[in-house]
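K.L.:
Dumping the structure here so I can ask a few things about it.
Any read-out appearing in this document is the output of simple, stated calculations on the displayed coordinates, not a laboratory observation. Since the structure is predicted, the reported quantities are computational estimates derived from the model, not experimental observations. Every residue, glycine among them, receives a Cβ derived from its backbone with ideal geometry; neighbour counts consider all protein chains shown.
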Amino acid sequence: MTGQLAGAWWVTAVAAVAAGYAAAVRRLGLRGVVWPRGRQWAAAGAAVLAGAAFLVPHGDVRGVVVAHLVLSGLVPLCVALAAPVTLVLRSCGPAGRRRLLGVLHGRVIRLLSCGPVVLVLQVGGTAAYFLTPLYGWTQRLPAPGVLVHLHMLWPGACSPGT
């Protein structure tokens, strides 16, 4: 999975997540709860920005840098403003809420969402990506590219208020 095929796969994944967000908003609406429009716009912005970043041709390092700045800077900001975890907690039933809270309060998530850990992973990961052979590997092999993209999206999931 390289090039455009990988980009198409990521865009499909982004579209699926956006559809899930929209379904949760609709579910709340059916119960008479209005989810703020600003949060919906933030989710749409995250989806559009992520989809566009995943379609940037990865042959030119400048395009890769711009895509990664969008993925590690703008998309996490939009995700944080969209508050997807809050939405899921409000839209699912009591059993689902308990399961999700159990996962969110688990040791691994607490460690990976700790501010200093997120900072080290973000700064260290970016340095490792551009200053080691990892960049070349992501051009030839699909798995490192997938892991790098997930790594860039992680800070948005760890932001307070999501």
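K.L.:
Using a basic spin-label model with each label point 7 Å from the Cα along Cα→Cβ, how many nm lie between V88 and R62?
P.N.:
3.9 nm
K.L.:
Measure nothing fancy, just the Cα-based angle from helix 94-104's long axis to the longest principal axis of the chain, in degrees from 0 to 90, nearest 10.
P.N.:
30 degrees
K.L.:
Quick check: pseudo-label points 7 Å beyond the Cα along Cα→Cβ at L141 and C114, how many nm apart are they?
P.N.:
Placing both labels 7 Å along Cα→Cβ, they lie 3.0 nm apart.
K.L.:
Please name whichever of V148, P57, A15 sits farthest to the positive end of the charge dipole of segment 3-155, dipole taken about the Cα centre and charges placed at Cβ: Lys and Arg +1, Asp and Glu -1.
P.N.:
A15
K.L.:
Quick one: dipole size for segment 36-162, taken about the Cα centre, charges +1 on Lys/Arg Cβ and -1 on Asp/Glu Cβ, in debye to the nearest 20.
P.N.:
In total the dipole reaches around 560 debye.
K.L.:
Another one. What is the angle, in °, between the Cα long axis of helix 115-131 and the longest principal axis of the Cα atoms in the chain? Nearest 10 is fine, range 0 to 90.
P.N.:
The angle comes out at about 30 degrees.
K.L.:
Between R31 and V103, what FRET efficiency follows from the Cβ-Cβ distance if R0 is 22 Å, with the result rounded to 0.05?
P.N.:
Plugging the Cβ-Cβ distance into 1/(1 + (r/R0)^6) gives 0.40.
K.L.:
How would segment 27-112 be classified by its alpha-carbon gyration tensor: rounded, prolate or oblate, with rounded meaning a/c under 1.5 and the a/b versus b/c comparison settling the rest?
P.N.:
Cα axes put segment 27-112 in the oblate bin.
K.L.:
Towards the positive end of the charge dipole of the chain, with charges on Cβ (+1 Lys, Arg; -1 Asp, Glu), say which of Y135, L28, A80 has the farthest Cα.
P.N.:
Result: L28, furthest along the dipole toward the positive end.
K.L.:
Helix 3-30 sits at what angle to the longest principal axis of the chain, using alpha carbons and giving 0 to 90 degrees rounded to 10?
P.N.:
Value to nearest ten degrees: 10.
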